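For reference, the structure is listed below as structure tokens.
The values are calculated or read from the model by the stated rules, or taken from the named source; none is laboratory data. Fair warning: this is a prediction, and the values are worked out from it, not measured in the lab. All Cβ positions, even for glycine, are placed from backbone atoms using ideal geometry, and neighbour counts span all protein chains on display.
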Amino acid sequence: MEKQYEKKYEVRGQALIYQMPKELDHHVAQQLCRELDMLVETFALKELELDFEKTEFMDSSGIGVIIGRSKTMQFRGGRISASHLSRRVGMIFQAAGLQRIVEVKED
């Protein structure tokens, strides 16, 4: 059975909408940081939206990814937001205080 290609991101103008992985942990964090930074730099983006629609698990490595990308976007004069937070991911955002540095878009 052929695996269908799943689109991970979309660029709209100066905005990148990135589909976050199902599990955001130390196994994917480093590669995810490199990929996000490369996309932001390549397309000279001013807005980064992290779409958590499919994310079921996130640990401290995931929090680090978000904080690091927040600093990157701040340095570039841009902004970062998060959308489609599940109840679980929303609770992690609250506990880590991420809503102070990341705009949380309500569905």
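General observations
- Segment 61-94, subset over 21 Å from residue 46 (Cα atoms) and free of Cβ contacts under 8 Å to residues at least 24 places away in the same chain, residue surrounded by the fewest Cβ atoms within 10 Å (Cβ to Cβ): 87
- Verdict on residue 22 being charged (D, E, K, R), on the phi < 0 side of the Ramachandran plot, touching a Lys or Arg at 6+ places or on another chain (Cβ under 8 Å) and modelled with pLDDT of 95 or more: yes
- Residue within segment 71-87 that is assigned to a helix (DSSP H, G or I), within 20 Å of residue 21 (Cβ to Cβ) and within 14 Å of the chain's Cα centre (by Cα) present: yes
- Criterion (modelled with pLDDT under 95 and not in a strand (DSSP E or B)) met by exactly one of 38, 1: 1
- Residue within segment 16-32 that is over 27 Å from residue 87 (Cα atoms) and of a type outside the set (Lys, Arg) present: no
- Taken over segment 46-60, the criterion of being surrounded by fewer than 19 Cβ atoms within 10 Å (Cβ to Cβ) and not basic (Lys, Arg) is satisfied by 47, 53, 56, 57, 59, 60.
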